[in-house]
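Scroll down for the structure; my scribbles are underneath it.
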Amino acid sequence: MFAAQKRHGLQNLEPLEKAWTPEPFKGSFVGKDIISVEQFTSRKEVEILFSLADRMREVVKDIQETRVPRRDLEGYRVVELFYQPSTRTYVSFWSAAQNLGATYQTMIPGMEAYSSAVKGESLPDTIRTIERVSGWVDLIILRHPEDSSSMEAANFARAPIINAGSGRIAHPTQAILDLYTIQNELGRIDDLVVTMMGDLRNGRTIKSLSKLLAIAGRRIKFNFISPEILRMPKEIVTCLKEKGTEVWESGNGDLMKVIGETDVLYVTRVQREWFVKQALEEIKMRLCKTIEGWDQGAIMATAEDYGEQLYRSAVEGYVVNSEKLQKAKKDMIVMHPLPRVGEIAAEIDNDPRAVYFRQMGNGLYTRMALLVAVLGKG
Ligand code: NCD
């Protein structure tokens, strides 16, 4: 729902029949849903967030010394609804709200296990419930396994929705913190060769970051390195090319071909949790109409086996280690949204080019920036 409509209470009538797209930022974040990076209309908006994040870094330093949180968001109620596991995103939003003095609530920890979703309640009904039974809510931060979840929630919520990860397609706040990290570490977001490696099919961080780089950066070249079955979806490659970026794809994981030219090596986890789903989709497609009459248990067992096989073949050979980094530039950086599960060897943690721990720290500043920007306190 557009901010103006939300403010005037025009929401919550009927579900929208037509595809609905979130409101473009056009220079301001106040009252707006943060659903996808496609809402950025110019580099200027990224710069606004970066300078707010720089300010928040100072605020955090101050709080570390005084141990007294700020009062900028006093009286505002921020809610987190997480239907998928999270450590960094969850805690950084939580700390961001606490640092700024907001009243912070996790209504129900582990929504997927303990909310009425287990009984089959729809996301719109849960959103309606949260807003009504808690009296008021000023901001909802949502993580959910469905691609369209944040869009759907935004369509029904009175409060702005911040997408903290939706399905396999979008993670806009991660993209903002990633881009902020690139700016901070390399001093620029232009003239970059960005190599993204790992699970480009299921990962949502690389999709949002590549699109944001294409909107905000200039003269960007992407190298996409993945096993054949985990390639970046075609529509994203097409969209990036249309925005004027250069794209090179390797389906056989050939990192060494491009490591020497890389400025940003963005490594991702091969997402084991999606493999069974992917295997199931494939099996159903192959069985086509004949699926009726098949034993569902047998199909699931086959999907689990097949999923595990796909996973094992996908992870092989995707580890970044000191040997591979020997060929890399001295001033490049290695990023990872984390959690890592073996694709970055611990031996490079102390390499000055490994910035993934600083990257996750930037999540706090950029999320504090987003809270004040959306709530009009920036
Ligand atoms: C990522 C996510 O949830 O998409 N984690 C994060 O938010 N930092 C990446 C992942 O789960 O691999």
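The values are calculated or read from the model by the stated rules, or taken from the named source; none is laboratory data. The shown structure was predicted, so the numbers you read here are calculated from the model rather than taken from an experiment. A quick note on method: Cβ atoms are made from the backbone with ideal geometry, for glycine too, and the neighbour counts reach across all protein chains shown. Accessible surface areas use protein heavy atoms only, side chains included; no ligands, DNA or RNA. Shrake-Rupley method; radii C 1.70, N 1.55, O 1.52, S 1.80 Å.
Quick look at the values:
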{"read-out": "Exclusive hit being in contact with a strand residue (DSSP E or B) (Cβ under 6 Å, 6 or more places away or on another chain), more than 30 Å from ASP54 (Cβ to Cβ) and aliphatic (A, V, I, L, M), set VAL258, VAL194", "value": "VAL258"}
{"read-out": "Unique match (being closer than 18 Å to ASP331 by Cβ and either among the aliphatic types (A, V, I, L, M) or open to solvent by 70 Å² or more (accessible area, probe 1.4 Å) (or both)) among ILE225, ILE229, ILE259, ILE236", "value": "ILE259"}
{"read-out": "Total residues in segment 37-51, condition in a loop (DSSP other than H, G, I, E, B) and either open to solvent by less than 20 Å² (accessible area, probe 1.4 Å) or within 14 Å of LEU371 (Cβ to Cβ) (or both)", "value": "1"}
{"read-out": "Which numbered condition SER115 fails, given (1) more than 21 Å from ARG367 (Cβ to Cβ); (2) open to solvent by 50 Å² or more (accessible area, probe 1.4 Å); (3) out of contact with any Lys or Arg (no Cβ under 9 Å at 6 or more places or on another chain)", "value": "(2)"}
{"read-out": "Tally of residues being in a loop (DSSP other than H, G, I, E, B), of a type in the set (A, V, I, L, M) and at pLDDT 95 or above across segment 5-36", "value": "2"}
{"read-out": "Residue list for segment 322-348, filter: buried (at least 18 other Cβ atoms within 10 Å of the Cβ), away from the ligand (no atom under 16 Å from the Cβ) and in a loop (DSSP other than H, G, I, E, B)", "value": "ALA328, MET332"}
{"read-out": "Within segment 57-69, tally of residues that are open to solvent by 50 Å² or more (accessible area, probe 1.4 Å) and over 24 Å from the mean Cα position of the chain (by Cα)", "value": "9"}
{"read-out": "Contacts under 7 angstrom Cβ, first residue in segment 71-83 being under 12 Å from ASN163 (Cα atoms), partner part of a strand (DSSP E or B) and hydroxyl-bearing (Ser, Thr, Tyr), 6 or more apart", "value": "GLU80/THR106"}
{"read-out": "Looking only at segment 70-96, and only at residues there that are of a type in the set (Phe, Trp, Tyr) and part of a helix (DSSP H, G or I), the one that is most open to solvent (accessible area, probe 1.4 Å)", "value": "TRP94"}
{"read-out": "Test result for MET360, surrounded by 11 or more Cβ atoms within 10 Å (Cβ to Cβ) and within 16 Å of the ligand (Cβ to nearest atom)", "value": "yes"}
{"read-out": "Condition met for THR106 (within 12 Å of the ligand (Cβ to nearest atom) and either over 30 Å from VAL355 (Cβ atoms) or among the β-branched types (Val, Ile, Thr) (or both))", "value": "no"}
{"read-out": "Failed criterion for ASP190 (all others in (1) within 16 Å of the ligand (Cβ to nearest atom); (2) of a type outside the set (Phe, Trp, Tyr); (3) assigned to a loop (DSSP other than H, G, I, E, B); (4) open to solvent by 10 Å² or more (accessible area, probe 1.4 Å) hold)", "value": "(1)"}
{"read-out": "Among residues of segment 239-256, those that are over 25 Å from ARG43 (Cα atoms) and open to solvent by less than 70 Å² (accessible area, probe 1.4 Å), counted", "value": "6"}
{"read-out": "Number of the exception - GLY317 against (1) within 22 Å of the chain's Cα centre (by Cα); (2) closer than 19 Å to ARG231 by Cα; (3) not in a helix (DSSP H, G or I)", "value": "(1)"}
{"read-out": "Enumeration of residues in segment 277-296 that are open to solvent by 40 Å² or more (accessible area, probe 1.4 Å) and of a type in the set (Val, Ile, Thr)", "value": "THR290"}
{"read-out": "GLN64, sole failed condition from (1) at pLDDT 95 or above; (2) at positive phi", "value": "(2)"}
{"read-out": "For LEU139: the one exception among (1) away from the ligand (no atom under 16 Å from the Cβ); (2) out of contact with any Pro (no Cβ under 8 Å at 6 or more places or on another chain); (3) within 23 Å of ALA53 (Cα to Cα)", "value": "(2)"}
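A quick yes/no check of all residues on (1) surrounded by fewer than 22 Cβ atoms within 10 Å (Cβ to Cβ); (2) free of Cβ contacts under 8 Å to residues at least 60 places away in the same chain; (3) more than 16 Å from the ligand (Cβ to nearest atom):
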residue: ALA154; (1), (2), (3): no, no, yes
residue: ALA157; (1), (2), (3): no, no, yes
residue: ILE161; (1), (2), (3): no, no, yes
residue: ALA170; (1), (2), (3): no, no, no
residue: ALA175; (1), (2), (3): no, no, no
residue: THR181; (1), (2), (3): no, no, no
residue: ASN184; (1), (2), (3): yes, no, yes
residue: VAL194; (1), (2), (3): no, no, yes
residue: GLY203; (1), (2), (3): no, no, no
